[in-house]
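Colleague: Pasting a structure here, questions to come.
Computed from the coordinates by the stated procedures, all read-outs in this text should not be read as laboratory data. Since the model is a prediction, treat every value here as computed from it, not as a measurement. FYI the Cβ positions are ideal-geometry reconstructions off the backbone, even for glycines, and counts take in every protein chain you see.
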Amino acid sequence: MDFAWSEFFTSILIVSGISGILATLMVIADATIGNYGELKIAINKKKELTVEGGQPLLTALKNKSIFIPSACGGRGSCGLCKLKVDSGGGDILSTELPWLDDKEKAEKIRLSCQLKVKQNMELTIPEELFNVKEYKTEVSSIVNLTHDIKEITLALLEPAEIEFKAGQFIQMEIPEYDLTDEPVYRAYSIASAPSMKNSIKLQIKYVPDGISTTYVNRHMKVKDKVIVNGPYGDFCLRNNNRELIFMATGSGMAPIYSILLDMAEKGVNKKTTFFFGCKEKRDLFLTEEMKDLERKMTGFKFVPSLSRPREEDNWQGETGRLNTVIKKYLSDTSEVEAYLCAGTSVIESYKNALKEMGIPENRIFYDDFG
């Protein structure tokens, strides 16, 4: 049987025509149905913004210099950008559901990175977020702390100083490059003391194919200009006389190091133990700085532990995971307060171990970097 070439080409033309019509309809729909025009956002019943409709609420607020924390850069994978939407939010989206409990749903809490501005809105925003600023900075140094963690120092250009509490974080803008076709934001804890107001230090661990960490490791250079905003977060030391336990892994050291530097400067000498977990000796860093803190703070002790030391490490210190190591050091937990910084699963294991040792959950604070 001869192949009907004319029918074949006719079919292609028909399919191409239909595709062209659908594409045209999508463009028209985007220009009409998706064009919401200018809309109003009322905030705390005392401030009103005029924004372009159709964009995520998180973006609309950022464009008006109101910065909402979002560790994942607006991808809906961190749950930090929650806001109270009193009206105009519409139905809760499926992408928001994993991050909202029943109480939050009843209180009209929404995920601002997922919710698009499609009608006039009324919001309730915590007053402290109005103190968050955007800063122009310049990379003044890049130091290799380990084989996969870099210390980035950002000198503030405009404004020239930042006010923050030890333990808080900033969001750093990553510009367009081969892994992203638009600027994105990622959250990083500040690893310097609040007294150092004209610059901030960050500890950034390389994650293969991570948009931000790949940029920092392969593209960032001294003298580069970087935009950040902040500060955010409440992973800060509570004001009491309790014994302190810090637990962290990898770049989770950053906020705890900031807190320890602040304590040393202020002469806080209450009993404090910092348990730091690594796989191998090459993952340890700032050990000399920790020894210096031990000399300055009579109540402070640094306890690193390697979970998988290599033979060539000749390691004489603690071994094993921190949720077992702490049991050797804690006997009376009646007046202990714990601060944890690690990934989600690690934090859960630490929390469970601490609760088994008698530390109630309301005395366990944590900074979860996913």
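Colleague: Let's see if you can work this out: charge +1 on each Lys and Arg Cβ, -1 on each Asp and Glu Cβ, no other charges. What is the dipole magnitude of the chain about its Cα centre, in debye to the nearest 20? List each step's numbers first, then the result.
Modeller: Values: 47 positive and 52 negative charges, 220 e Å.
Dipole of the chain, to the nearest 20 debye: 1060 debye.
Colleague: With a 10 Å cut-off between alpha carbons and a GNM built on the chain, which of MET220, MET253, MET172 moves the most?
Modeller: MET220
Colleague: What do you get for the angle between helix 5-32 and the principal long axis of the chain? Use alpha-carbon atoms, 0 to 90 degrees, nearest ten.
Modeller: That helix lies at roughly 60 degrees to the long axis.
Colleague: Where the centre of each part is set by its Cα atoms, how far does the stretch 283-312 sit from the stretch 313-370, in angstrom?
Modeller: 16
Colleague: How tilted is helix 344-356 with respect to the longest principal axis of the chain? Cα atoms for both, answer in degrees (0 to 90, nearest 10).
Modeller: Around 40 degrees separate the two axes.
Colleague: Based on DSSP H runs of at least 4 residues, each adding -39500 (n - 2.57), what is the mean residue ellipticity at 222 nm of the chain after dividing by all its residues, to the nearest 500 deg cm²/dmol?
Modeller: Working: 8 runs with 88 residues, N = 370.
So the calculated ellipticity at 222 nm is -7000 deg cm²/dmol.
Colleague: Would you mind checking LYS64/LYS105; LYS197/LYS223; LYS266/LYS301; LYS40/LYS62; LYS62/LYS136 for any pair whose Cα atoms are more than 22 angstrom apart? Please report the intermediate quantities before stating the final value.
Modeller: Working: LYS64/LYS105 26 Å; LYS197/LYS223 19 Å; LYS266/LYS301 17 Å; LYS40/LYS62 15 Å; LYS62/LYS136 15 Å.
Beyond 22 Å: LYS64/LYS105.
Colleague: Rounded to two decimals, what is the ratio between the C-alpha radius of gyration of the chain and 2.2 N^0.38 Å?
Modeller: On the way: Rg = 25.0 Å, N = 370, 2.2 N^0.38 = 20.8 Å.
Dividing the Cα radius of gyration by 2.2 N^0.38 Å gives 1.20.
Colleague: Give, rounded to the nearest 20 debye, the magnitude of the charge dipole that the stretch 41-83 has about its Cα centre when Lys and Arg contribute +1 at Cβ and Asp and Glu contribute -1 at Cβ.
Modeller: Details: 7 positive and 2 negative charges, 34 e Å.
Dipole about the Cα centre, nearest 20: 160 debye.
Colleague: At VAL268 and ILE142, where each label point lies 7 Å from the Cα along Cα→Cβ, what is the point-to-point distance in nanometres?
Modeller: The modelled label-to-label distance comes out at 3.4 nm.
Colleague: What do you get for Rg/Rh of the stretch 132-232 when both radii come from the Cα atoms and Rh is the Kirkwood radius? Don't skip to the answer; put the middle values down first.
Modeller: Working: Rg = 12.7 Å, Rh = 13.6 Å.
Rg divided by Rh gives 0.93.
Colleague: Further question: Shape call for the stretch 261-370 from the C-alpha gyration tensor, a ≥ b ≥ c root eigenvalues: rounded (a/c under 1.5), prolate (a/b greater than b/c) or oblate? All intermediate terms of the calculation are to be shown ahead of the outcome.
Modeller: Working: a/c = 1.63, a/b = 1.08, b/c = 1.50.
Judged from the Cα gyration tensor, the stretch 261-370 comes out oblate (a/c at least 1.5, b/c at or above a/b).
Colleague: Could you state the number of Å between the C-alpha centres of the stretch 82-152 and the stretch 190-269?
Modeller: If we compute the Cα centre of each part, the gap is 20 Å.
Colleague: Just check the stretch 191-317 against the gyration tensor rule for me: Cα atoms, a ≥ b ≥ c as the square roots of the eigenvalues, rounded for a/c under 1.5, and otherwise prolate or oblate depending on whether a/b exceeds b/c.
Modeller: Oblate.
Colleague: With each pseudo-label sitting 7 Å past Cα toward Cβ, what's the SER349-TRP315 distance in nm, one decimal?
Modeller: Taking the two extended label points, one gets 1.3 nm.
Colleague: Ordered by residue, what ³J(HN,Hα) values in Hz, to whole numbers, does the stretch 192-197 give under the Karplus form 6.51 cos²θ - 1.76 cosθ + 1.60, where θ = phi - 60° and Gly and Pro are x?
Modeller: Those phi angles translate into 10, 6, x, 5, 8, 7 Hz.
Colleague: Right, here's the next one. State which stretch of the chain is the longest one without any exposed trypsin sites (Lys or Arg not before Pro), exposure meaning a DSSP loop state and at most 12 other Cβ atoms within 10 Å.
Modeller: Numbers: sites that count: LYS45, LYS46, LYS221, LYS223, ARG238, ARG310.
By the stated rule (loop sites, at most 12 other Cβ atoms within 10 Å), 47-220.
Colleague: To one decimal place, what Kirkwood hydrodynamic radius in Å is obtained for the stretch 38-127 from all pairs of distinct Cα atoms?
Modeller: 12.9
Colleague: Classify the stretch 129-168 from the C-alpha gyration tensor, please: rounded if a/c falls under 1.5, else prolate or oblate depending on whether a/b exceeds b/c.
Modeller: Values: a/c = 3.22, a/b = 1.71, b/c = 1.88.
Judged from the Cα gyration tensor, the stretch 129-168 comes out oblate (a/c at least 1.5, b/c at or above a/b).
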